[in-house]
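S.K.: Structure provided below as structure tokens; questions to follow.
The values are calculated or read from the model by the stated rules, or taken from the named source; none is laboratory data. Worth saying up front: this structure is predicted, and the values here are computed from it rather than measured. Cβ placement follows ideal geometry from the backbone for every residue including glycine, while neighbour counts extend to all protein chains displayed.
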Ligand code: MLT
């Protein structure tokens, strides 16, 4: 389905009936990543998948897509569907967007799951890497995507999930250059939202890939210290929904059922 928002098309899907679950994909991805999870989650829930700004079938809104701007598009879809309270599952950048949404609309959050994501801001080193990424993607869009996607998996899994990685790269290569650069710019300036892990009233879960190549395991664990965040550690890297599909889904279902 398409919603017009601020003059652009926002793409979303809606499946099933029941308490609302909102699935938000990560950088370069689209709502397609949730294809295997949706039928299972939709047996008892109303599942909404949204393509974030400049990704999938959603158009670009500018040259910097801040997490707040992306969250506003999510807000528009949920308002349009008259959904008041939802449980958010955000993969990586989708988690940053879910946190931005939750900060602005705490009463509309029933639960929050950060899947291979973080509540902290970019380190200075990471900001530099993003700046380098912006130059690289402008030079060679397709090579940048191929490397960026492969780097999300632990090396041992490259062979094991070769078919899925190939398909994912193919899908990610549809992301327009403007969407990639605007997301990198937006992630680079995103705020630290660790405070939400401490002081928000809704249930929270963090699913962490033990050997995530792009998020530091110790940093993630320390974010959850002295919080009531339910921490799940799975083998593999940044792509738990592929590298550890059944455990990832089982934990999400358990989180939803007990929320
Ligand atoms: C993602 O998977 O969404 C991104 O890699 C997250 C990031 O670069 O911080």
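S.K.: Going by the conditions given, is residue 22 at pLDDT 95 or above, over 13 Å from the mean Cα position of the chain (by Cα) and under 20 Å from residue 204 (Cβ atoms)?
M.R.: Values: at pLDDT 95 or above: yes; over 13 Å from the mean Cα position of the chain (by Cα): no; under 20 Å from residue 204 (Cβ atoms): yes.
Spelling it out, it is not the case that residue 22 is at pLDDT 95 or above, over 13 Å from the mean Cα position of the chain (by Cα) and under 20 Å from residue 204 (Cβ atoms).
S.K.: Same structure, new question: Please work out if residue 179 is in contact with a helix residue (DSSP H, G or I) (Cβ under 6 Å, 6 or more places away or on another chain) and surrounded by 17 or more Cβ atoms within 10 Å (Cβ to Cβ). Before you say what the answer is, go through the steps one by one.
M.R.: Values: in contact with a helix residue (DSSP H, G or I) (Cβ under 6 Å, 6 or more places away or on another chain): no; surrounded by 17 or more Cβ atoms within 10 Å (Cβ to Cβ): yes.
When the stated conditions are applied, residue 179 does not pass them.
S.K.: Looking at residue 66 and the list (1) within 22 Å of residue 256 (Cα to Cα); (2) within 16 Å of the ligand (Cβ to nearest atom), which single condition is not satisfied?
M.R.: In the conditions (1) within 22 Å of residue 256 (Cα to Cα); (2) within 16 Å of the ligand (Cβ to nearest atom), residue 66 misses (1) alone.
S.K.: Based on this model, can you work out whether residue 132 counts as free of Cβ contacts under 8 Å to residues at least 12 places away in the same chain and not in a strand (DSSP E or B)?
M.R.: Values: free of Cβ contacts under 8 Å to residues at least 12 places away in the same chain: yes; not in a strand (DSSP E or B): yes.
Yes: the conditions hold for residue 132.
S.K.: Find the helices (runs of 4 or more DSSP H) located wholly in region 162-253 whose residues include 3 or more that are within 15 Å of the ligand (Cβ to nearest atom) and in contact (Cβ under 8 Å) with a residue 24 or more places away in the chain, and list them.
M.R.: 162-172, 177-188, 217-223, 240-243
S.K.: Same structure, new question: Of the residues 32, 6, which single one is surrounded by fewer than 17 Cβ atoms within 10 Å (Cβ to Cβ) and in contact with a helix residue (DSSP H, G or I) (Cβ under 9 Å, 6 or more places away or on another chain)?
M.R.: 6
S.K.: Taking residue 43, is it part of a loop (DSSP other than H, G, I, E, B) and more than 16 Å from the ligand (Cβ to nearest atom)?
M.R.: For residue 43, the condition - part of a loop (DSSP other than H, G, I, E, B) and more than 16 Å from the ligand (Cβ to nearest atom) - is met.
S.K.: Among the listed residues 138, 159, which satisfies the condition of being over 22 Å from residue 186 (Cα atoms) and surrounded by fewer than 16 Cβ atoms within 10 Å (Cβ to Cβ)?
M.R.: One residue alone meets the criteria, 159.
S.K.: A further question on this structure: State all residues of region 65-82 that are in a loop (DSSP other than H, G, I, E, B) and surrounded by fewer than 22 Cβ atoms within 10 Å (Cβ to Cβ); if no residue qualifies, say none. Full working, then the answer.
M.R.: The first filter runs over region 65-82 and keeps only residues in a loop (DSSP other than H, G, I, E, B), leaving 65-66, 81-82.
Across region 65-82, the qualifying residues are 81, 82.
S.K.: Which residue pairs have Cβ atoms under 9 Å apart, sit 6 or more places apart or on different chains, and have a first residue in region 19-32 that is under 11 Å from residue 94 (Cβ atoms) and without any contact (Cβ under 8 Å) to a residue 60 or more places away in the chain and a second that is within 14 Å of the ligand (Cβ to nearest atom) and not in a loop (DSSP other than H, G, I, E, B)?
M.R.: Short answer, once both residue conditions are applied: 31/23; 31/24.
S.K.: Which residues, counting only those in region 83-127, are within 13 Å of the ligand (Cβ to nearest atom) and part of a helix (DSSP H, G or I)? Before the answer, list the steps.
M.R.: So the first thing to find is which residues in region 83-127 are within 13 Å of the ligand (Cβ to nearest atom), and the list is 90-99, 114-123, 125-127.
Hits for region 83-127 are 93, 94, 95, 96, 97, 98, 99, 125, 126, 127.
S.K.: I need the full set of residues from region 229-259 which are touching a strand residue (DSSP E or B) at 6+ places or on another chain (Cβ under 7 Å) and closer than 20 Å to residue 200 by Cβ, in order please.
M.R.: 229, 230, 231, 232, 251, 252, 255, 256, 259
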